[in-house]
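Encoded as structure tokens, the structure appears first; notes follow it.
The values are calculated or read from the model by the stated rules, or taken from the named source; none is laboratory data. Values in this document were obtained by computation on a predicted structure and should not be read as measured data. No Cβ is skipped: glycine too gets one built from the backbone with ideal geometry, and neighbour counts run over all protein chains shown. The area values use the complete protein model at the heavy-atom level, side chains included, leaving out ligands, DNA and RNA. Shrake-Rupley method; radii C 1.70, N 1.55, O 1.52, S 1.80 Å.
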Amino acid sequence: MRIGVLTSGGDCPGLNAVIRSVVHRAVTGYRDSVVGIQDGYRGLLEGEVRPLGLADVHGILGRGGTVLGSARVEPARVREAVERSAELASGLGIDALIAIGGDGTLTAAHLFSQAGLPVVGVPKTIDNDVEGTDATFGHDTAVSVGTEAVDRLKTTAESHQRVMVVELMGRHTGWIALHAGMAGGAHGIVIPERPFDMEEVCRLIDARFARGKKFTVLAVAEGATPAPGTMEFRHGGIDVYGHQRFGGIGHRLAAEVERWLGKEARPVVLGHVQRGGAPTALDRVLATRFGWHAVEAAHAGVFGHFTALRRTRIELLPLAEMVGRLRTVPPDQWAEARVVL
Ligand code: F6P
């Protein structure tokens, strides 16, 4: 069998571990040949591929980013690729395509599959928001980075009796803010699933200072939004890839805290630091397992599916089951993270 593999969308720690696992399982387990498609769907459209052998994946297990490159692709180009999918696959001479990506990539993979391309999806995203899988690799690494930030911000906040607002990634779901906030012991966590009331946030911070506490750290997801009828705030517009732009809520919250409470507040936007660098052990293991099972799926002919962690097992779920759906933070998990400011 000849297997094509691509990574698409925003990168995340663990992508190289999947690529390595795919190559190892395919080459040593089945004597397959594997080709790496450069820069995601762009390389598929433009036929930019290279052979991937065991030597090509040597030493990449713990390396961040993706050796195949990644790119966001405009929806119109994806539609073009879907229309030409049979021609593209035969041009590359592949019998199976393993597409590693987040909701956008897997939605495109579903369209390719419907158009007849033999695709297996592998979910990735630091946001941890792909429906159907209990976790995505990359998330644990991002949470580790976020936790370290909260830990570090606490000591400087205490020295200066400040409020520190750390903005973490999470466009529509607050998993990173929730987990990094819990692990770091942030005093307040603000996530998109629970629109916030600025007045209430300030009341809680004020009450904390009134109890003699010297500082406060808030963990805020970039997609956090004020409750309707409270503070006015607009996130950015839609970019050329059809994604809403975020960025700014951390600065706004810090400014409001200063305005309402007269306390010094500082915003810290962690941004892409959360996506860079070496994956944690947990992410390497999950990524390796996903890669192994993606090759098994290709050999079993289970196309149009994606690898999903279900409790402790990896299962194959139809791509159709995740399209248009997001795994959000459920109310009970949010309640577990609520601490008294
Ligand atoms: O979806 C993953 C993610 O890391 C989001 O958390 C973040 O908003 C977005 O990607 C950033 O995308 P870009 O790299 O295009 O700025």
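Taking only C-alpha pairs under 8 Å that are 6+ residues apart, what is the relative contact order of segment 45-161 in percent? Reported relative contact order: 17 percent.
Considering Cα pairs under 8 angstrom that are at least six residues apart, work out the relative contact order of the chain and quote it in whole percent. Display every interim value, and only then the final one.
Numbers: 792 pairs, mean separation 78.2, N = 341.
Rounded, it is 23 percent for the chain.
For the chain, the longest principal axis of the alpha carbon atoms and the long axis of helix 139-160 meet at an angle near 20°.
A simple rule links phi to the HN-Hα coupling: the Karplus curve 6.51 cos²θ - 1.76 cosθ + 1.60 with θ = phi - 60°, which for segment 261-278 gives 10, x, 9, 5, 9, 10, x, 10, 9, 6, x, 6, 3, 5, 9, x, x, 6 Hz, with x for Gly and Pro. Amide H contacts of E193 (H built 1.01 Å from N, in plane; Pro and chain starts excluded): G174 sit under 5 Å, all sequence-distant by 5 or more or on other chains. Close amide H pairs (under 5 Å, H built 1.01 Å from N) link A135 with L309, residues at least 5 positions away or on another chain.
Angle of helix 103-114 to the longest C-alpha principal axis of the chain, folded into 0 to 90 degrees and rounded to 10: 30°. Please label the shape of segment 148-207 as rounded, prolate or oblate, based on the square roots a ≥ b ≥ c of the eigenvalues of the alpha-carbon gyration tensor (a/c under 1.5 means rounded; beyond that, a/b larger than b/c means prolate, else oblate). Oblate is the answer for segment 148-207, as a/c is 1.5 or above yet b/c matches or exceeds a/b.
Computed from phi, the 3J(HN,Hα) profile of segment 283-288 under the Karplus parametrisation 6.51, -1.76, 1.60 (θ = phi - 60°) reads 5, 5, 5, 4, 4, 5 Hz, with x in place of Gly and Pro. Couplings 3J(HN,Hα) of segment 224-241, computed from phi: 4, 9, x, 5, x, x, 9, 4, 7, 8, 10, 6, x, x, 9, 8, 5, 8 Hz, in residue order, whole Hz [Karplus 6.51 cos²θ - 1.76 cosθ + 1.60, θ = phi - 60°; x for Gly and Pro]. Rounded, prolate or oblate, given the Cα gyration tensor of segment 289-329, with a/c below 1.5 counting as rounded? It is oblate, given that a/c is not under 1.5 and a/b is not larger than b/c. Averaged over its residues, segment 140-273 has an accessible area of 45 Å² per residue, based on protein heavy atoms and a 1.4 Å probe. Averaging the Cα positions of each part gives two centres, and for segment 1-49 and segment 231-284 these lie 32 Å apart. Computed as a quarter of the hull surface, the mean projected area of the alpha carbon convex hull for segment 174-321 stands at 12.4 nm².
Given the -39500 (n - 2.57) contribution per DSSP H run of 4+ residues, what per-residue ellipticity at 222 nm results for the chain, rounded to the nearest 500 deg cm²/dmol? Each step should come with its number before you reach the end.
Details: 11 runs with 130 residues, N = 341.
Helices in the chain give a 222 nm mean residue ellipticity of -12000 deg cm²/dmol.
Once a ≥ b ≥ c are taken as the square roots of the eigenvalues of the Cα gyration tensor of segment 1-149, is the result rounded (a/c under 1.5), prolate (a/b larger than b/c) or oblate (a/b not larger than b/c)?
Working: a/c = 1.89, a/b = 1.24, b/c = 1.52.
It comes out oblate by the Cα gyration axes.
Loop-located trypsin sites (Lys or Arg not before Pro) in segment 276-341 (DSSP state not H, G, I, E or B) with no more than 16 neighbouring Cβ atoms inside 10 Å: R311, R325, R338. Dipole of segment 228-325 computed with +1 at Lys/Arg Cβ and -1 at Asp/Glu Cβ about the Cα centre; of Q244, Q274, A298, farthest Cα towards the positive end is Q274. With contacts taken as Cα pairs under 8 Å at a separation of at least 6 residues, segment 140-273 carries a relative contact order of 32 percent. Once the Cα atoms are used to define both axes, helix 198-210 deviates from the longest principal axis of the chain by about 60 degrees. Shown is the FRET efficiency for S159 and E336, computed with R0 = 22 Å from the Cβ-Cβ distance and rounded to the nearest 0.05: 0.15.
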